[in-house]
Amino acid sequence: MQRFSIVKGDIVKAKTDAIVNAANTSLLGGGGVDGAIHRAAGEELLEECKSLNGCERGEAKITKGYNLKANYVIHTPGPIWRGGKWGEDELLKNCYENSLRLAKENGLKTVAFPSISTGVYCFPVERAAKIAVNVICSFLQLDTSLEKVIMICFDEDTKEAYINAFEEYKGKDFV
Ligand code: AR6
């Protein structure tokens, strides 16, 4: 089985154990994928999020999924793009790593990610895709508890960026 896949779609419909939310540091909802997840999960998600006291960029926190098909939501605020010299790459890497670590710690087997930071936060998608693919595939190579990670891209251009990044990664050392 291919343990990493890239698809076009709407993450709120994913039937994975967890979906990842490209949140903001308040964790109290917003636009983009965050808004879609909160709308689909219902008011109880916001209530649980209020008890978490926010989240630093690059960190991750987990809640239940409520009305979603996914049992859990992993919330991670990504970096806001400010030109690339303000630690944006490292913060984005941390988002993926900490989300995967949290999934593993909670015994989850399947996780779906959106393209963190490449919407409202304006992180260039080709650069973000390389970081995401490298972190996810390296994690899967070292860890056997996670069975499947899916990148769910909302549009064709985003999907293409992730597929190109994956092809480049496979060219290096993915088996
Ligand atoms: N399923 C999958 N991907 C989606 C969906 C969806 N339903 N909806 C949007 N995307 P963004 P960010 C894609 O802006 O850049 C919020 O207000 C979207 O096309 O959601 O990390 C938060 O509260 C893009 O490719 O997240 C924060 O304030 C990707 O998801 C801020 O936006 C990320 O776009 C976070 O900005």
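The numbers here are math on the coordinates, done by the rules we state, and not lab data. Because the structure is predicted, anything quoted here is derived from the model rather than measured. Every residue, glycine as well, gets a Cβ built from its backbone with ideal geometry; the counts of neighbours run over all protein chains shown.
Some points to look at:
- Only residues that are within 20 Å of residue 2 (Cβ to Cβ), among the polar types (S, T, N, Q) and within 11 Å of the chain's Cα centre (by Cα) were counted in the range 112-134, giving 1.
- Filter pass, residue 45 being without any contact (Cβ under 8 Å) to a residue 60 or more places away in the chain, in contact with a Leu (Cβ under 9 Å, 6 or more places away or on another chain), over 19 Å from residue 93 (Cα atoms) and surrounded by fewer than 21 Cβ atoms within 10 Å (Cβ to Cβ): no
- Some residue of the range 146-155 being surrounded by fewer than 18 Cβ atoms within 10 Å (Cβ to Cβ), of a type outside the set (Ser, Thr, Tyr) and within 16 Å of the ligand (Cβ to nearest atom): yes
- For the range 49-79, taking the residues that are buried (at least 17 other Cβ atoms within 10 Å of the Cβ) and among the small types (Gly, Ala, Ser), the one that is nearest to the ligand (Cβ to nearest atom) is identified as 78.
- The lone exception for residue 145 - which of (1) without any contact (Cβ under 8 Å) to a residue 40 or more places away in the chain; (2) not in a helix (DSSP H, G or I) it fails: (1)
- Residue-level analysis places residue 150 among those that are closer than 23 Å to residue 98 by Cβ and either in contact with a Lys or Arg (Cβ under 7 Å, 6 or more places away or on another chain) or aliphatic (A, V, I, L, M) (or both).
- When 103, 23 are checked against the criterion of being within 14 Å of the ligand (Cβ to nearest atom), of a type outside the set (Asp, Glu) and surrounded by 23 or more Cβ atoms within 10 Å (Cβ to Cβ), 23 stands alone in meeting it.
- Residue in the range 113-133 that is surrounded by 15 or more Cβ atoms within 10 Å (Cβ to Cβ), more than 14 Å from the ligand (Cβ to nearest atom) and assigned to a strand (DSSP E or B) present: no
- Reported count of residues in the range 27-48, each being more than 8 Å from the ligand (Cβ to nearest atom) and closer than 21 Å to residue 121 by Cα, is 4.
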